[in-house]
Structure formats: C-alpha cells, structure tokens
Amino acid sequence: MKCYILDENKKAVLATSEEWALFFELDNRKVARDDGVNGYDVSTVFLGIDHNYNPEGPPLLFETMVFGTGGLDDVCCVRCSTWEQAEAQHAKVLQMVKDGRIEEVEDTPLDLDNPPYAPVAPEDMWTGRVAQIYIPFGFDNHGRKT
C-alpha cells in the first residue's frame, strides 16, 4: 500500500505509514464540500492512499462522493490524482447534482485536464467503515459521523 501526504503546495508526495498517520491526524484533507444541494451533499477529500487498483496509471488519491442528506447512503464516488483535478472534479459533480443529473455522475467522463477518472460501482465502493481504523471519533473520510 502506497501512502501519500500533501506538501505545502498541495502536491502529493510519497510518505511512510507513520508520516501518513501523523498527517491525517493534524492536517485538513478537505478539498471542497457543499451540503444540501438538491437533497445531496457533495464532498471532495484527499485520501492519501492510492486507490488505483490497476498497476498502470497515476495514483488515484482524491475522492469526490455524493451522499443523500437523509442518511449515510453513498450515492456515487469518483476519483482523481491531483488537487487541481479534485477541485475541477468537485465543481463538475456539483454542477451535475445542481442540474438534477446525479445518475450521470459515474457514467460521464468529467472532462478534466489529463483525466485519470475512476468511477466506482456502488457494490465496490469503500464506504468509510474501514476508515474508522484511521480516523478517530467515529467519522468517515468525508467528515460524516458513522
């Protein structure tokens, strides 16, 4: 498992598991968050662990998720490699939610510059329950109480 942290310029750099754990305890990993948009919350965070399960291609270190505001159900998840891509990905997904096109988020390329785009099927989605091991006080990666 490759671990990453963000440097002072928000660039991902390889880190030891100890550096990663300390970074996650002390740093803000939130890229963007918009709550209550047409009944959904949109959250983009730095994961710090490569979620590209294909041995080729860049690491997928940022995740944008859409949640229903009525509970902890994950609606969809998309991932990318850089802070800049994560900002663009968040804006694109947010606009799709605002336009009522939530069902298209996982099926539509996000038109990011140099897009490593990884849609995640709901049955394969990392729900955040595992994150309780690393993230204290019962919160998942997107800051939701679990």
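The numbers here are math on the coordinates, done by the rules we state, and not lab data. Predicted, not measured: the structure shown is a model, and the values here were computed from it. Heads up, the Cβs are rebuilt from the backbone with ideal geometry, glycines too, and the neighbour counts pull from every protein chain shown.
Numbers for the structure displayed
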| item | result |
| --- | --- |
| For TYR4, TYR53, order by how many other beta-carbon atoms lie within 10 Å, fewest first | TYR53, TYR4 |
| Cross-link reach list, lysines versus LYS2, counting only Cα pairs under 18 Å and skipping chain neighbours closer than eight places | LYS10, LYS11 |
| In segment 21-52, the chymotrypsin sites (Phe, Trp or Tyr not before Pro) that fall in loop regions by DSSP, at most 10 other Cβ within 10 Å | none |
| Segment 75-104: trypsin sites (Lys or Arg not before Pro) falling in loop per DSSP and having at most 16 other Cβ within 10 Å | ARG101 |
| Residues HIS90, HIS51 arranged by fewest to most Cβ contacts within 10 Å | HIS51, HIS90 |
| Under 5 Å, built H, 5+ apart or other chain: amide partners of ALA32 | THR44 |
| Interchain or long-range residues, amide H under 5 Å from CYS3's placed H | ALA15 |
